[in-house]
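The values are calculated or read from the model by the stated rules, or taken from the named source; none is laboratory data. Because the structure is a prediction, the values reported are computed rather than measured. Glycine gets a Cβ as well: all are built from the backbone with ideal geometry, and neighbour counts include every protein chain shown.
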Amino acid sequence: MTAATVWINGRRAARLSALDRGLHYGDGLFETLACLKGRPRFLSLHLARLALGCARLRLSAPGPQRLRAAIEQAAAQADRSIVKLLVTRGPAVARGYAAGGEQGSWLVIRYPWPEEDPALALSGVRVRTAATRLGENPALAGLKHLNRLEQILARNEDSVIEAEETLMLSHSGKLISGTMSNVFLVHEAGGRLRLRTPDLALCGVAGVMRSVVLREAAQEGISASECALAPPDLDTAAEVFLTNARIGIWPVRSIDGRPLAPGPLTRALQGRLAPLLEAADA
Ligand SMILES: Cc1ncc(COP(=O)(O)O)c(C=O)c1O
């Protein structure tokens with residue numbers, strides 16, 4: 001069992017109702033924050049994404065000050081930890097999908113920082129492509145909502161290919177993301193390296209680290225765009241890397257068994273991100 005510490009609606013001793021719509025329908029959102037030196041990283045970006053998601057799903061959540069304080073308090077009790085924030089529509093007032101009058105629930109859960117081989121960020125990770133595809137739905141696209149069955153199916157597929165992460169395509173065959181990460185491809189055009197990441201208008205999670213990489217690339221004068229990408233783009237990519245709020249950047253060293261070397265743009269972005277990954281709220 002994972003050693004997790006849980007606060008429900010701001011209290012250690014509280015309980016979550018068995019009627020909570022987060023449990024019944026996945027009616028809620030979550031954030032996973034990396035916390036270093038007792039402080040949450042990219043907290044403002046996480047809270048901003050949560051606020052956008054709440055507005056789109058018409059979920060009510062405690063104000064940002066309250067959430068910020070609760071997350072900071074959870075993080076302060078360990079040097080390095082993972083803090084997960086969940087916001088749900090709360091215990092159902094009536095049975096059925098119709099919502100109305102619910103009081104939202106919110107949970108803060110602190111996990112130990114996972115032990116991980118540092119070689120993953122240096123030498124890179126192996127990825128395979130999932131058979132399970134992502135449904136396309138602009139109403140949910142970009143949100144970090146609680147329905148993660150597609151990722152669970154993909155992550156647990158039987159496969160002979162050994163891989164640390166699994167890439168997912170949408171139903172119409174577009175490359176979208178990893179099961180727990182966003183994906184970036186580097187192509188050479190006219191002697192320059194260009195960075196591209198799938199646009200997430202129809203599915204996928206708009207990752208915090210994805211937004212940081214796009215922001216830093218723009219500041220560094222690196223050509224970067226969000227666009228439609230497909231598996232042939234993986235075949236022609238000079239470099240591929242994955243991002244999430246905890247891992248930062250993982251270079252990809254093989255795709256479905258085909259080797260690929262971590263390249264100069266990936267290394268440059270890893271270097272640019274390194275000080276930000278040490279900071280609390282960059
Ligand atoms: C499906 C999916 N996509 C992308 C990401 C990356 O998001 P972030 O950079 O906010 O961690 C995650 C993170 O868990 C994820 O589960």
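Quick notes
- Failed condition for Arg126, given (1) closer than 17 Å to Asn244 by Cβ; (2) not β-branched (Val, Ile, Thr); (3) not in a strand (DSSP E or B): (3)
- Within region 146-255, strands (runs of 3 or more DSSP E) holding 1 or more residues that are more than 16 Å from the ligand (Cβ to nearest atom): 182-189, 192-198, 224-227, 239-244, 248-255
- Residue in region 64-113 that is surrounded by the fewest Cβ atoms within 10 Å (Cβ to Cβ), counting only those that are farther than 21 Å from Gly248 by Cα and basic (Lys, Arg): Arg95
A quick yes/no check of all residues on (1) in contact with a Lys or Arg (Cβ under 6 Å, 6 or more places away or on another chain); (2) farther than 22 Å from Leu134 by Cβ; (3) not assigned by TED's automatic domain parsing to the domain that holds Glu150:
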{"residue": "Ile176", "(1), (2), (3)": "no, no, no"}
{"residue": "Thr179", "(1), (2), (3)": "yes, no, no"}
{"residue": "Thr197", "(1), (2), (3)": "no, no, no"}
{"residue": "Leu214", "(1), (2), (3)": "no, no, no"}
{"residue": "Ala218", "(1), (2), (3)": "no, yes, no"}
{"residue": "Ser223", "(1), (2), (3)": "yes, yes, no"}
{"residue": "Val240", "(1), (2), (3)": "no, no, no"}
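- Selection from region 256-278 of residues that are within 16 Å of the ligand (Cβ to nearest atom), farther than 14 Å from Ser123 by Cα and buried (at least 18 other Cβ atoms within 10 Å of the Cβ): Leu269, Leu273, Leu277
- If only residues of region 212-252 that are surrounded by 14 or more Cβ atoms within 10 Å (Cβ to Cβ) and polar (S, T, N, Q) are counted, the one that is farthest from Leu175 (Cα to Cα) is Asn244.
- Residue identified as under 24 Å from Val208 (Cα atoms), surrounded by fewer than 21 Cβ atoms within 10 Å (Cβ to Cβ) and at pLDDT 95 or above among Ala18, Ala34, Ala48: Ala48
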